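**Q** One structure, as structure tokens, below. Some questions next.
The values are calculated or read from the model by the stated rules, or taken from the named source; none is laboratory data. This one's a predicted model, so the numbers in the text were calculated from it and none came from an experiment. Positions of Cβ are generated from backbone atoms using ideal geometry, with glycine treated the same way; all protein chains shown enter the neighbour counts. Please note that ligands, DNA and RNA were not included when accessible areas were found on the heavy atoms of the full protein model with its side chains. Shrake-Rupley method; radii C 1.70, N 1.55, O 1.52, S 1.80 Å.
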Amino acid sequence: MAVTAQAGVFSWGGQTAKGAVATTFYQHRAADIDLGAVSDDRLGPPEVGGIPVPTFPYRAGIMAAGGATINPRLEDTFGWLLEGAAGAWSVATDKDVLGTTVTGFNAHTFKFATDAGFVPWMSFRKHIPPISTGGLGETFVDCKIVSMALAFPNDGPIQARVDVLGRTPEFDDSPTFSYGNTEFEDYESIPVACVTGGYLKVPDFSATALPITQATVTLANQPLDIRQEKVYGSPYLEDVTVIGRQLTVDMILKWTDPELYLAILTGSTTGTQWSPAPWMGDLDVMALSTKLAILTTPWQLRVEAESMMYQVVGGIRLAGNNAVMMRVQGTAIAPSTGDYFKFHLGNLINSTGYTWPT
């Protein structure tokens, strides 16, 4: 009979240092988990002597790669992934993510550390069913998040796709995994697209939310080519070095008027000639849960970037029996002052809740 995946468990935790597996793991429901061990199995070059077929195999090393797609619960543990992707964390107590006073509610901000290239080490685990007979446990040590993508549909829950690259997979055929959260977080803190108060704005262009049908915000932490990470005498990557970081947004919006289109191409909402200067703006995205975390305040997820270069992708397509849509992409540029980007998470976790283990 087939073994179904529902009983599997995906979890993560922060490491104190390279080589030190996390002491606390946090479990979270996931829609799709493809993080796994990648054994670099190869065939040797063609050789003379014998029949014209491969003559020897070998292995060039092993690493961990892949990730998971989740419907993020904003109640608690998702904050560890945001910190792992960004690098640093701070908190404003008794505030929501807009800065409004809400007693008992806290606004957590995740952004670059003082060293803007810093990405912390993390451990990830996957418990493969059947759990009733022990299943198989995989622990991936010395991982760094290389991509955090947040998908904002127009009619469903917000999804997060996290991808990691790791140095050392470990296997356990009789796992006894334990978790810092003994139960999965409830669905009530999942942000959903239709909740009033959610928006995607380019405030420098307009204070009004754009008529978005779908959007994806991605923080990419580009790793060094793995061929440059390997060293002689070891099957493992020596490090996971982040050499570039970039926040992007990709959105499709309904065509209501030509103002944004003209602004991007001409520099003016009434322009008639292409401008050689790229069009710059900011970004502000808000997502809210359907249920309330406290009083009248739902769980909150917000993304901000101060300086984005926007471009229209593919022009304006006219197709029979279809609405007129416009696709716009934006790439965050280093601002003259302030932070490159900010992830904000609003929940009830206290002022020490996301202190990275040391």
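**Q** Could you tell me whether D142 is of a type in the set (D, E) and in a loop (DSSP other than H, G, I, E, B)? Working first, answer last.
**A** Working: of a type in the set (D, E): yes; in a loop (DSSP other than H, G, I, E, B): no.
No, not satisfied.
**Q** Would a scan of the range 141-155 turn up a residue that is acidic (D, E) and open to solvent by less than 50 Å² (accessible area, probe 1.4 Å)? Give the steps one after another, and end with the answer.
**A** First pass over the range 141-155, keeping only residues acidic (D, E): 142, 155.
Going one step further and asking which of them are open to solvent by less than 50 Å² (accessible area, probe 1.4 Å), we end up with 142.
Yes: one or more hits.
**Q** Would you point out the residue of the range 166-196, among those that are open to solvent by 40 Å² or more (accessible area, probe 1.4 Å) and small (G, A, S), that is nearest to the chain's Cα centre (by Cα)?
**A** Once the filter is applied, the top-ranked residue is G180.
**Q** I'm told S39 meets every condition in (1) in contact (Cβ under 8 Å) with a residue 24 or more places away in the chain; (2) part of a strand (DSSP E or B) except one. Can you identify the failing condition by its number?
**A** Exception for S39: condition (1).
**Q** Test of understanding: among D32, D40, which residue is more than 26 Å from A107 (Cβ to Cβ), acidic (D, E) and under 25 Å from the mean Cα position of the chain (by Cα)?
**A** Values: D40 fails: under 25 Å from the mean Cα position of the chain (by Cα).
Testing whether each residue is more than 26 Å from A107 (Cβ to Cβ), acidic (D, E) and under 25 Å from the mean Cα position of the chain (by Cα) leaves just D32.
**Q** Turning to a different aspect of this structure: For the range 6-30, give me each residue that is modelled with pLDDT of 95 or more and either open to solvent by 70 Å² or more (accessible area, probe 1.4 Å) or of a type in the set (V, I, T) (or both).
**A** Hits for the range 6-30 are V9, T16, K18, V21, T23, T24, R29.
**Q** Taking D115, is it closer than 21 Å to N221 by Cβ, open to solvent by 10 Å² or more (accessible area, probe 1.4 Å), of a type outside the set (A, V, I, L, M, F, W, C) and not in a strand (DSSP E or B)?
**A** yes
**Q** Something else: I'd like to verify a number: residues in the range 75-101 that are open to solvent by less than 50 Å² (accessible area, probe 1.4 Å), free of Cβ contacts under 8 Å to residues at least 40 places away in the same chain and either of a type in the set (K, R) or assigned to a loop (DSSP other than H, G, I, E, B) (or both), how many?
**A** 2
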